[in-house]
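First comes the structure, then the notes that go with it.
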Ligand code: AMP
Ligand code: GLY
């Protein structure tokens, strides 16, 4: 399978996921230059990566940058620039872009749209209904209807909430109490709240590289969404991740691609919205088989930080082929992965996710790297001259990735490296990849 290698690549974004993307792409054979906009001081420490202060939310500025830098490919990291139409502007400027246009990005930006597409595609999601501002009474009635069937309730804000707009309620009373707050002050012609049946089971993130028609899955990963050990505390953007999933082998991942990604791609094409980019299926592996909880139109964070070190084939040529709508027919359903494992631990600032504290000096990053860990920067600022060289400037500050022959070894490496990094009030989970579920049954 011969694929063109993009020599010059622009990565949009500046978080931990983009650090991992830039690191991975810059390290591949034939890639000569990776520009990251806006990137960060942490990302700029990566060999072969330059950061430029261009706003990724401005379609015109991004198109101008891509043209001026004569890049062969743009890879969009976060969802917000996609929702702002950056991919549409790049396409209009004739620049190959890996990431969907604004309308296709609604798969993530609107949970109601996602449910609609999934239903039309015959893809299984949780039972759900969407409600607009002013529809409090019908929303409460739907909660009572689900409760009468013995079903728990999940409340989700429609629209982008960076993984934090979801309440998995503990009781019907709690659902009835919180639902109106999602609708208060919201317009009556737009869904503001999605109410879903509460499912149970381990979760899995299966992210595929898509060219509009074909999908090829990256190694599967599992995120740890709750803030505290034993899955307690509020949902966050993700506190750690690991790959591979011993409970989801390649055959199961291939079956998931066939049952979730491929039908969604077909339905999006039918709607005139061909999807090119990372299609992220957030799944719950229920006792009755996998159910789609959410679609993201980008890579996961922190999943990317553990997935990319495990991809055993060059990624840049695949992303370029997908951007050109031409993944070869012989592309496998699941990309080859390294035999080893990767475990990523997120180090978060005190007060995350509600009100993260900024400005604390960080020590120990160099020592973690010297141990062989990968340290991806998310919310840091450079503090030249200060001990340690870095300060906190965001909620999720760093992701520390350990690698090893198996999950236990990778976990040990990640824990040891995370132990070397410190600042006042640093918060992390101690149970990332500690308990791994048994093999799930996923029949095609
Ligand atoms: P989402 O942003 O839709 O992925 O939701 C964030 C997290 O909330 C998921 O990763 C799950 O942990 C949890 N969650 C979402 N939907 C459900 C559901 N229907 N049942 C149980 N938990 C859910
Ligand atoms: N880690 C979950 C996400 O990126 O949405």
Scanning segment 269-308 for residues that are assigned to a helix (DSSP H, G or I) and buried (at least 23 other Cβ atoms within 10 Å of the Cβ), the one nearest to ligand 1 (Cβ to nearest atom) turns out to be 303
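Kindly indicate the residue of segment 198-212 that is within 15 Å of ligand 1 (Cβ to nearest atom) and farther than 19 Å from residue 231 by Cβ and also surrounded by the most Cβ atoms within 10 Å (Cβ to Cβ) among those meeting that condition.
Here the residue is 206.
Listed here are the residues, each with its yes/no results for (1) closer than 27 Å to residue 313 by Cα; (2) away from ligand 2 (no atom under 13 Å from the Cβ); (3) modelled with pLDDT of 95 or more; (4) surrounded by fewer than 24 Cβ atoms within 10 Å (Cβ to Cβ).
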residue	(1), (2), (3), (4)
224	yes, no, yes, no
242	yes, no, yes, no
245	yes, yes, yes, no
252	yes, yes, yes, yes
255	yes, yes, yes, yes
260	yes, yes, yes, no
Given the condition within 16 Å of ligand 1 (Cβ to nearest atom), outside any strand (DSSP E or B) and closer than 30 Å to residue 141 by Cβ, answer yes or no: does some residue in segment 233-241 qualify? no
Extreme residue, farthest from residue 395 (Cα to Cα), among residues of segment 347-363 that are surrounded by fewer than 23 Cβ atoms within 10 Å (Cβ to Cβ) and over 23 Å from the mean Cα position of the chain (by Cα): 363
Suppose the filter is part of a helix (DSSP H, G or I) and away from ligand 2 (no atom under 16 Å from the Cβ); does residue 188 pass it? no
Please go through segment 309-351 and pick out each residue that is out of contact with any helix residue (DSSP H, G or I) (no Cβ under 8 Å at 6 or more places or on another chain), farther than 23 Å from residue 260 by Cα, more than 16 Å from ligand 2 (Cβ to nearest atom) and not in a helix (DSSP H, G or I). 312, 313, 314, 339, 349, 350, 351
Within segment 364-374, is even one residue touching a strand residue (DSSP E or B) at 6+ places or on another chain (Cβ under 6 Å), touching a residue at least 60 places away in the same chain (Cβ under 8 Å) and not in a loop (DSSP other than H, G, I, E, B)? yes
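Show me the helices (runs of 4 or more DSSP H) entirely contained within segment 77-134 in which 2 or more residues are within 25 Å of residue 305 (Cα to Cα) and in contact with a strand residue (DSSP E or B) (Cβ under 9 Å, 6 or more places away or on another chain).
Numbers: elements: 79-83, 86-92, 106-109, 111-121.
Qualifying helices (runs of 4 or more DSSP H): 79-83, 86-92, 106-109.
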Over segment 89-111, the set of residues over 19 Å from the mean Cα position of the chain (by Cα) and buried (at least 20 other Cβ atoms within 10 Å of the Cβ) is 89, 90, 95, 96
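The values are calculated or read from the model by the stated rules, or taken from the named source; none is laboratory data. Owing to the predicted nature of the structure, the values given are computational and were not obtained by experimental measurement. So basically every Cβ, Gly included, is an ideal-geometry build from the backbone, and we count neighbours across all protein chains shown.
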